[in-house]
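See below for the structure under consideration.
The values are calculated or read from the model by the stated rules, or taken from the named source; none is laboratory data. Not measured: the values here are computed from a predicted model. Note that each Cβ is placed from the backbone with ideal geometry, even for glycine, and that neighbours are counted across all protein chains shown. Accessible surface is based on the protein model in full, side chains and every heavy atom, while ligands, DNA and RNA are left aside. Shrake-Rupley method; radii C 1.70, N 1.55, O 1.52, S 1.80 Å.
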Amino acid sequence: LPIYKGALDETGNLISIYTANKNNKYYCPDEACKGEIIYCNGTIVKPYFRHKASNCTYYDKPNETQLHKDGKIIFKLLCETKKNIIIRRVCKNNHYEIYLLRTFDQNCELKLEYKFSEDMRRADIAYLCNGNLLYIFEIYNTSLTKTDRPEPWFELKASDIKEMYEQNPFD
């Protein structure tokens, strides 16, 4: 199953496919689209969302793997729920560094696809405070990032994000 089968409701909250209903309106969670989508739930096929006529590729033909794209969206939203998230990073000699992401204050923000260098390199997710880059998060499905990022930076496996989501869904 994809890690995220949801949509935004009329107030902008993320709704799971499993709590949606046919009476409400829903919108694409892709920041570039936000088009209206339809909740479908019949007796033969599992529940799903589909676009009304649209050029959006989020559900139909994503330009990057759905797992990677969803991982970015879910991790950003998990962070924005203002719950503590513990991240372990393997260092040399298999020792762990542990980072605790706490409630973000008013001067901090998360940005998707953040350009962090003059050579156009981008982070999947950047954590900025007062405009200063503090952390970079790279989401991967099968292949780790091949280039260095400003420290500290973290590589998070999309399936691990799926587990975080399943333990603490937004609904």
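Brief remarks on what is shown
- Residue that is most open to solvent (accessible area, probe 1.4 Å), among those in the stretch 131-155 that are assigned to a strand (DSSP E or B) and of a type in the set (Asp, Glu): GLU155
- Residue, most open to solvent (accessible area, probe 1.4 Å), within the stretch 6-29, restricted to residues that are among the hydroxyl-bearing types (Ser, Thr, Tyr), without any contact (Cβ under 8 Å) to a residue 24 or more places away in the chain and farther than 16 Å from GLU80 by Cβ: TYR27
- Among the residues of the stretch 36-56, just one is open to solvent by less than 40 Å² (accessible area, probe 1.4 Å), modelled with pLDDT of 85 or more and either part of a loop (DSSP other than H, G, I, E, B) or β-branched (Val, Ile, Thr) (or both), namely ILE37.
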